[in-house]
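A short worksheet on the structure shown next.
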Amino acid sequence: MLIILQLILFIVTAPFLSGMISKIKNNIRMRKGQSIFQPYYNLVKLFSKSEVVSATASWIFKVTPFVVFSSMLVSVVLIPVFKGAIYQMGDFLALIFIFSLGRFFLTLSALDTGSSFGGMGASREMFVSSLAEPAFCMAVFALSIQFGSTHISAFSGMHAIPVSSIVAALTLFLVTIAETSRIPVDNQETHLELTMVHEAMVLEYSGRSLALIEMASYLKQMILFFLIAQIIFPVAFTAALNFSQMLLWIFWYCLRIVIIAVTVALVEVSVAKMRLFRVADFLGLAFVLGVIASVCAISGV
């Protein structure tokens, strides 16, 4: 029952998180901008439209949206929002591989139609992911050294926050910017083909397939935000809470996610998009921070 509740929670709130980030960015820029509920409107519109499929597309192009979306649903199940024995199967390294599964199929589908922009976006996506995943793994290794396990539930309870966890969270934050296609690595709002990374891979999709891919990206963003928040502001739900404590838990759970979202919005409006080959320096910094976090964890700091 808790698994179903968790899936509903993420599916309902993930688009709102993206809309909130866009609203914060527009307010900082002193623009009216789109509604905070615009992602929901976009999803409803896409689900109501028919699809246009290229004549050269194979079965890979058709099944990719379902693979990408289902991989995110599996990832949501592994996240320990509610404390319980079921989350012992939620291994952090397994989460990285599930993310890679969706990326792999999305890259293949971008190449499948023979589009020049799709191929360009796929090659750039693989370039970025080859740099982001090692940094992601280093953050996981630092946490596993600190808590003695790679299970996500291992660091989901209340505990003191060591320096290694803070540095690992900073590493994961830099990786999240790359994984969610945000400035300075990518720009979700761009319509200039030469700067596209993720958007170039989904140019050939439309209708329900595009809606599934967009929904998967919202879920991935919320999962990564949750992991960062769980490292810096650890909290877990237990059945022993009374009604007032439950309300306080819900408020704190939402507030810490909002804090991460506001931080992402501030970063996006404060820096410019960097050149593609400068991304190596950006994610190289994330990897070095992951190494520092691991050294701190070994030293017991």
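Numbers at a glance
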item: Sparsely packed chymotrypsin sites (Phe, Trp or Tyr not before Pro) within the stretch 1-67, loop by DSSP, other Cβ within 10 Å at most 14; result: Phe37
item: Sequence-distant residues sharing a close amide H with His151 (under 5 Å, placed H); result: Phe92
item: Distance in nm between pseudo-label sites at Ser299 and Val269 (7 Å out along the Cβ direction from Cα); result: 3.7 nm
item: Span-rule helices in the chain, defined as complete DSSP H runs reaching 18 Å or more along the axis (Cα) with Kyte mean at least 1.6; result: 59-78, 92-112, 163-179, 243-270, 279-299
item: Estimated 222 nm signal from helices in the chain, with DSSP H stretches of n ≥ 4 weighted -39500 (n - 2.57), rounded to 500; result: -23500 deg cm²/dmol
item: At R0 = 35 Å, FRET efficiency that the Cβ-Cβ distance of Leu203 and Ile4 yields, to 0.05; result: 0.50
item: Exposed trypsin sites (Lys or Arg not before Pro) absent - longest run of the chain, DSSP non-H/G/I/E/B, at most 13 other C-beta within 10 Å; result: 50-274
item: Label-to-label distance, nm, for residues given as Ser35 and Val52 (7 Å Cα→Cβ offset); result: 2.6 nm
item: Amide proton proximity set for Asn187, modelled H, under 5 Å, gap of 5+; result: Val197
item: Gaussian network model of the chain, Cα within-10 Å springs - most flexible of Asp281, Asp91, Asp112; result: Asp281
item: Total formal charge among the other residues, if their Cβ is under 12 angstrom from that of Phe225, Lys/Arg +1 and Asp/Glu -1; result: +2
item: Label point distance in nm, Ser244-Phe277, each placed 7 Å from Cα along Cα→Cβ; result: 6.3 nm
item: Residues of type lysines that Lys25 reaches as a straight line, Cα spacing below 16 Å, ignoring anything fewer than 8 places off in the same chain; result: Lys273
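Every number in this text was worked out from the coordinates using simple rules, so none of it is lab data. Small disclaimer: the values here were computed from a predicted structure and weren't measured. Every residue, glycine among them, receives a Cβ derived from its backbone with ideal geometry; neighbour counts consider all protein chains shown.
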